[in-house]
Amino acid sequence: MLKVMTLAKNLKKAILADPERFYSTDTGAWVSGLPKAGEIQVKTGREPLWINLGYWRDVERVDENNFERVGELFKSAQAQMAHLLAKTARLGQADVVLDCGFGYADQDILWAEEYRPKRIHGLNVTPTQVRIGRERIRLTGLERVVQLDVGSATEIPFGAGEFDVVFALESAMHFKTRRAFLREAFRVLRPGGRLVMADMSQKTDREAGSGLRRRLRHRYFRGLIAFPEANVWTTQRFATELTSVGFQNARLESIAADVYGPVNAAFTALRGVTAASRQPGSVTPERIRADVRKVREQDPEQYQHLALFNCDDYVVAYAEKP
Ligand SMILES: C[S@@+](CC[C@H](N)C(=O)[O-])C[C@H]1O[C@@H](n2cnc3c(N)ncnc32)[C@H](O)[C@@H]1O
């Protein structure tokens with residue numbers, strides 16, 4: 001009976017595919033201790049609360065010998081993702097920025113302090129994150145630079161041509177729809193303005209060859225994380241959509257090799273270390289070490305983002321408004 005009820009509840013979640021539900025009740029920050037949104041306590045404003053998969057190219061990756069330090073290692077890869085986007089956008093002091101889907105605002109703190117843009121406006125559909133993000137901006141003394149609001153990237157509450165840079169850091173796969181966001185981003189950018197995104201896609205069309213069972217399975221898991229079917233694009237389609245909205249000089253760089261493999265090891269270690277700290281003795285270090293080793297030897301087809309959501313590419317997209 002309990003199983004049937006859980007299944008019914010999950011099916012409802014998958015069908016409703018609501019990012020606000022996903023980020024306020026189902027998941028919290030993907031950091032040490034895996035705190036749910038309701039458990040997050042902000043003291044200094046500088047506690048890491050990132051929610052992205054990390055860019056693991058020039059940082060230490062999680063393995064069976066360092067898994068105890070997963071919190072610190074994950075955090076630095078997640079910050080690297082924000083640096084990669086800032087560098088791709090050539091973010092600088094003259095820029096007025098719109099950040100769509102900022103999580104708990106870690107990236108806005110990092111960009112404001114290290115790249116010193118003129119202003120950052122953040123939009124996010126999850127009110128808890130906006131509340132926590134605002135508190136952190138207050139505590140870090142960045143209120144004159146960063147302003148955070150509840151709102152959707154698909155209905156941007158700003159006029160045409162107001163921004164130099166629009167960012168979507170691992171958020172646009174949730175937007176209803178990503179295409180509607182591209183239109184809005186184009187509208188609010190000034191001529192010469194830059195759009196930079198980090199997002200999931202497919203290297204080739206993986207849907208076409210999938211049987212019905214696999215398609216339903218992917219649809220169900222995408223629904224649980226609020227990833228609408230309309231956003232399942234190949235990387236080639238991503239480029240075409242950017243151009244069809246009016247963007248030029250579109251560039252999509254695949255960084256999948258520096259994301260999916262290493263993050264699987266990080267999540268495995270994080271879950272183990274979190275379980276062990278919440279209930280001492282429930283998971284031994286040997287068990288965590290063995291799990292991390294196993295995941296590191298996995299065939300890429302078994303990676304979580306491939307097996308559950310059918311995404312084997314992860315791109316940094318750049319485009320300019322003419
Ligand atoms: C995977 S998280 C990434 C958060 C953040 N960029 C980071 O790296 O920590 C996706 C974010 O997109 C936000 N989001 C989802 N749909 C949105 C929408 N339509 N408009 C604005 N934000 C949205 C979620 O609330 C969440 O903060």
Requested in this report: For segment 47-57, name all the residues that are buried (at least 20 other Cβ atoms within 10 Å of the Cβ) and not aromatic (Phe, Trp, Tyr).
Outcome: 49, 51, 52, 53, 54
Query raised in the report: Has segment 58-66 got any residue that is open to solvent by 10 Å² or more (accessible area, probe 1.4 Å) and either at positive phi or under 18 Å from the mean Cα position of the chain (by Cα) (or both)?
Result: no
**Report entry** Verdict on residue 36 being touching a Gly at 6+ places or on another chain (Cβ under 6 Å) and open to solvent by 20 Å² or more (accessible area, probe 1.4 Å)
**Finding:** yes
**Report entry** Whichever residue in segment 64-123 is in contact (Cβ under 8 Å) with a residue 24 or more places away in the chain and among the hydroxyl-bearing types (Ser, Thr, Tyr) and, among such residues, is nearest to residue 27 (Cα to Cα)
**Finding:** 104
Query - strands (runs of 3 or more DSSP E) (entirely within segment 102-184) containing at least 1 residues that are near the ligand (Cβ under 8 Å from one of its atoms) - result: 119-124, 163-169
Query raised in the report: Going by the conditions given, is residue 257 under 27 Å from residue 49 (Cα atoms), assigned to a helix (DSSP H, G or I), open to solvent by less than 40 Å² (accessible area, probe 1.4 Å) and of a type outside the set (Val, Ile, Thr)?
Result: no
Query raised in the report: Looking at this structure, is residue 301 open to solvent by 40 Å² or more (accessible area, probe 1.4 Å), of a type in the set (Asp, Glu), assigned to a helix (DSSP H, G or I) and touching a helix residue (DSSP H, G or I) at 6+ places or on another chain (Cβ under 9 Å)?
Result: yes
Query raised in the report: All but one of (1) in a helix (DSSP H, G or I); (2) surrounded by fewer than 16 Cβ atoms within 10 Å (Cβ to Cβ); (3) among the hydroxyl-bearing types (Ser, Thr, Tyr) hold for residue 44; which doesn't?
Result: (1)
Report task. Might you check whether a residue that is touching a helix residue (DSSP H, G or I) at 6+ places or on another chain (Cβ under 6 Å) and open to solvent by 80 Å² or more (accessible area, probe 1.4 Å) occurs anywhere in segment 269-279? Result -> no
Query raised in the report: Hey, among the residues in segment 225-239 that are polar (S, T, N, Q) and open to solvent by less than 80 Å² (accessible area, probe 1.4 Å), which one's farthest from the ligand (Cβ to nearest atom)?
Result: 234
Query raised in the report: Which residues, taken from segment 70-101, are under 16 Å from residue 50 (Cα atoms), away from the ligand (no atom under 16 Å from the Cβ) and open to solvent by 20 Å² or more (accessible area, probe 1.4 Å)?
Result: 72
Query raised in the report: Being more than 26 Å from residue 47 (Cβ to Cβ), within 15 Å of the ligand (Cβ to nearest atom) and of a type in the set (Gly, Ala, Ser), is that true of even one residue in segment 187-200?
Result: no
Query raised in the report: Could you list, in sequence order, the residues of segment 7-20 that are in a helix (DSSP H, G or I) and either more than 10 Å from the ligand (Cβ to nearest atom) or free of Cβ contacts under 8 Å to residues at least 60 places away in the same chain (or both)?
Result: 7, 8, 9, 10, 11, 12, 13, 14, 15, 16
Query - Which numbered condition residue 320 fails, given (1) more than 30 Å from residue 188 (Cβ to Cβ); (2) in contact (Cβ under 8 Å) with a residue 24 or more places away in the chain; (3) among the acidic types (Asp, Glu) - result: (1)
Query - In segment 195-210, residue farthest from residue 250 (Cα to Cα) [restricted to those that are open to solvent by 20 Å² or more (accessible area, probe 1.4 Å) and either in a strand (DSSP E or B) or among the acidic types (Asp, Glu) (or both)] - result: 207
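The values are calculated or read from the model by the stated rules, or taken from the named source; none is laboratory data. Quantities reported herein were computed from a predicted structural model and do not represent experimental measurements. A quick note on method: Cβ atoms are made from the backbone with ideal geometry, for glycine too, and the neighbour counts reach across all protein chains shown. Ligands, DNA and RNA are stripped out before the accessible areas are found, and what is left, the full protein with its side chains, is counted by its heavy atoms. Shrake-Rupley method; radii C 1.70, N 1.55, O 1.52, S 1.80 Å.
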